[in-house]
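Chemist: Input: one structure, supplied below.
FYI, it's all coordinate maths here, none of it is from the lab. None of these values were measured; they are calculated from a predicted model. Because the Cβ atoms are built from the backbone with ideal geometry, glycine has one as well, and the counts that use them run over all protein chains shown.
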Amino acid sequence: MYARGLLRVSGGQRPVALIACASLLSACTDGDALRVFAAASVGQAMEEAGEAWTARSGVEVRVTAAGSQVLRRQIEAGAPADVYAPASFAHLEGAVSERLEAPALLGCNHPVVVARPGSSVRALSSLDRAERIVLGAPEAPIGAYADAILARATERYGEAWRRRVDRRVVSREIDVRQVLTKVQLGEADAAIVYASDAAGSPLRVARIPDGLEVEARYPVAVVADAPAEARDFARWLREDGFAHLERHGWTRCEAAP
Amino acid sequence: MTDALRIAAKALGFALVLFLLLPFVALALTLSAGDYTAAVDRGLWEALLLSLGSTTIAAAVLVLSGTPLAWWLARRSGWLARRIEGLVRLPAVTPPAVAGVALLAAFGRAGLFGEALSEAGIGIPFTLAAVVLAQLFVAAPFFVLPVADAFREVDDELLWTARSLGTGPAAVFFRVVLPMSAPTFVGGLAMAWARALGEFGATLVFAGNLPGVTQTLPIAIYTEMEGDLGPARVMALVLLGFALLLFAALRTARVERVLGKRT
């Protein structure tokens, strides 16, 4: 596994991987495992789904979890992947699409407001009562969603509310994990993260009110030269296997209109 | 046989040079037109200014506090001095993200001194102060340790002679010790400054990422990688350029001569 991580090679990667394995004397038993590249937010749920699939089909699943944009660059550069599950359909466009089969909708994740238990933030409407707010960077999917929610909320709660919120934003973190960590460490009072990140954390969670919420749509795509097992796994993930994602806060949703 | 050995050694060394150089060449070659304007739009100069400003403060603090520490370490060889030297070495082997978490644990709102600091009305995380502290933390070993070594190299007899001629201890330090250690002093400062300029992990954790406040160039580069790689490449090259300029400036400053004139 380390050999893979060290050597990102394209095309006929298997012989090279084998040489790397041999030279590093690492356990190289994953030659036939399915290699799933999953967005950081879906990594944990994907690990569990992968274990269930192994128990079911006997095919081993190896999950690489990282930022969608990082995985995308790796796949573009020819990294050995069989299934790609980024956090947004936007990460399927451009050069990466040349290596992928037609994607399908996996499910939806919802941004929510999280707050430190001791803070006076109870909902999106009282987000302006936080001393320090952290959001995702506008370049990161969670930051773009947060901006969309705040733009809609400004119409409902007013410009003054928005100015108070903006004044208290102390950081635009690079990914959703960093956003959540800042609140969990007590350095920030409130943030907007995915429901799946909030699930299982001791933080106060508030849904985004009706009419203001946005859906984060997660796709799944099979890499063009992947073995048939990859297609089976992707299909199962969207059907029975989705229970593993639902446990972590994902919901089934309709295909884009 | 020795010829073969010499050729092999040269080939290995040259291969390393190629390996170190190629990524930078590739970085420059993969640029496309429009990347520069895009990078400027994305706050290239604002981030660079923040990087240069914060590292200048960090370097100044490091020289002011690190020089006395290095001198003390050089003059003592006891148990305490050796332990403290080991401690100064620690940040160099600490993963930057861990350094960030440790800084939060000490100076964060929920940290060890968090309550005392917030009662005094001071909040360090997410401010320029946090950026500087993170840089100071990771860069300190690169200055203090080599400078302490250079101070040790100065011949004791020279110091005694100077003192016996009626030179005061401060004058001995500034006119004898510092000029003799100048090359290492400058080299150590350059390495520490470069390390501060490239600081990313600890800053991200401890200071966060807000353009114009805490977004240094390395953090701007990583943020850009969420989108298009073009502007990130331009920013990376600008950062490298300024690091090289810094090295060149410190090398040609001839601090040893400036200091030496006083003797």
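Chemist: Over the Cα atoms, compute the radius of gyration (one decimal) and Dmax (the largest Cα-Cα distance, rounded to a whole number) for the protein assembly as shown, in Å.
Modeler: Values for the protein assembly as shown (Cα only, Rg and Dmax): 27.1, 90 Å.
Chemist: First measure r as the distance between the Cβ atoms of A:Ser201 and B:Thr30, then evaluate 1/(1 + (r/R0)^6) with R0 = 45 Å and state the FRET efficiency to the nearest 0.05.
Modeler: Computed FRET efficiency for A:Ser201 and B:Thr30 comes out at 0.65.
Chemist: Here is a further query. Net charge within 14 Å of A:Pro209 by Cβ-Cβ distance, Lys/Arg positive one each and Asp/Glu negative one each, not counting A:Pro209 itself?
Modeler: With Lys, Arg at +1 and Asp, Glu at -1, the net is +1.
Chemist: Mind pulling the per residue volume of the convex hull built on the Cα atoms of the range B:149-213? Å³ is fine. Walk me through the numbers before you get to the answer.
Modeler: Numbers: hull volume 8.0 nm³, N = 65.
Taking the convex hull of the Cα positions in the range B:149-213, it is 123 Å³ per residue.
Chemist: Rounded to the nearest 0.05, what FRET efficiency do B:Leu12 and A:Glu51 give with R0 = 56 Å and r taken as the Cβ-Cβ distance? Could you check?
Modeler: The formula returns an efficiency of 0.80 here.
Chemist: Using every pair of alpha-carbon atoms in the range A:85-195, split the distances into 5 Å bins beginning at 0 and state the percent of pairs per bin, rounded to integers.
Modeler: Calculated P(r), rounded to whole percents: 2, 12, 21, 22, 16, 10, 7, 5, 3, 1.
Chemist: According to the Cα gyration tensor, what semi-axes, each the square root of 5 times an eigenvalue, does the equivalent ellipsoid of chain A have, listed from largest to smallest in whole Å?
Modeler: Values for chain A, descending: 37, 18, 17 Å.
Chemist: Could you tell me the extents of the range B:65-182's C-alpha atoms along the three principal axes, largest first, rounded to whole Å?
Modeler: Cα spread of the range B:65-182 along its principal axes, largest to smallest: 55, 29, 26 Å.
Chemist: Still on this structure, please answer the following. So what is Rg over Rh here for the range B:115-263, counting just Cα atoms and using Kirkwood for Rh?
Modeler: Rg divided by Rh gives 1.12.
Chemist: Which whole number gives the average count of other chain Cβ atoms within 10 Å of the Cβ atoms across peptide B:163-173?
Modeler: Whole-number average of other-chain Cβ neighbours for B:163-173 is 0.
Chemist: Which percent, nearest 5, of DSSP beta bridges in the protein assembly as shown are antiparallel?
Modeler: 55
Chemist: Continuing with the same structure: Work out from phi, with θ = phi - 60° and the Karplus expression 6.51 cos²θ - 1.76 cosθ + 1.60, the ³J(HN,Hα) of each residue of the range B:119-127, listed in order in whole Hz, and give x for Gly and Pro.
Modeler: Karplus-based 3J(HN,Hα) across the range B:119-127 equals 5, 7, x, 10, x, 8, x, 6, 10 Hz.
Chemist: Return the distance in nm (one decimal) between the two label points of a simple spin-label model at B:Arg82 and B:Leu245, each offset 7 Å from Cα along Cα→Cβ.
Modeler: The answer from the label model is 4.5 nm.
Chemist: If contacts are Cα pairs under 8 angstrom and at least 6 residues apart, what is the relative contact order of chain A in percent? Display every interim value, and only then the final one.
Modeler: Details: 476 pairs, mean separation 67.0, N = 257.
Dividing the mean separation by the residue count of chain A yields 26 percent.
Chemist: Next up: Output the Kirkwood hydrodynamic radius of the range B:57-134, Cα pairs only, in Å rounded to one decimal.
Modeler: For the range B:57-134, the Kirkwood estimate is 14.3 Å.
Chemist: Normalised by the empirical 2.2 N^0.38 Å for globular proteins, what value does the Cα Rg of chain B take?
Modeler: 1.19
Chemist: Can you give the extra length, in nm with one decimal, that the chain gains between B:Val98 and B:Trp45 once fully stretched, where that is 0.36 nm per residue apart less the Cα-Cα distance?
Modeler: Result: 16.2 nm gained on full extension.
Chemist: At 10 °C and 1.306 mPa s, grab the translational diffusion coefficient of the range B:44-100 from Stokes-Einstein with a Kirkwood Rh over Cα pairs, rounded to a whole number in µm² per second.
Modeler: For these conditions, the coefficient is 117 µm²/s.
Chemist: Can I ask one more? Sequence gap at least 6, Cα distance under 8 Å: using those rules, report the relative contact order of the range A:165-257 to the nearest whole percent.
Modeler: The normalised contact order for the range A:165-257 reaches 22 percent.
Chemist: Return the average number of partner chain Cβ atoms within 10 angstrom of each residue Cβ along peptide B:120-128.
Modeler: The shielding value for this peptide is 2.
Chemist: How big, on average over all directions, is the shadow cast by the Cα convex hull of the range A:177-231, in nm²?
Modeler: With every direction weighted equally, the projected area is 6.3 nm².
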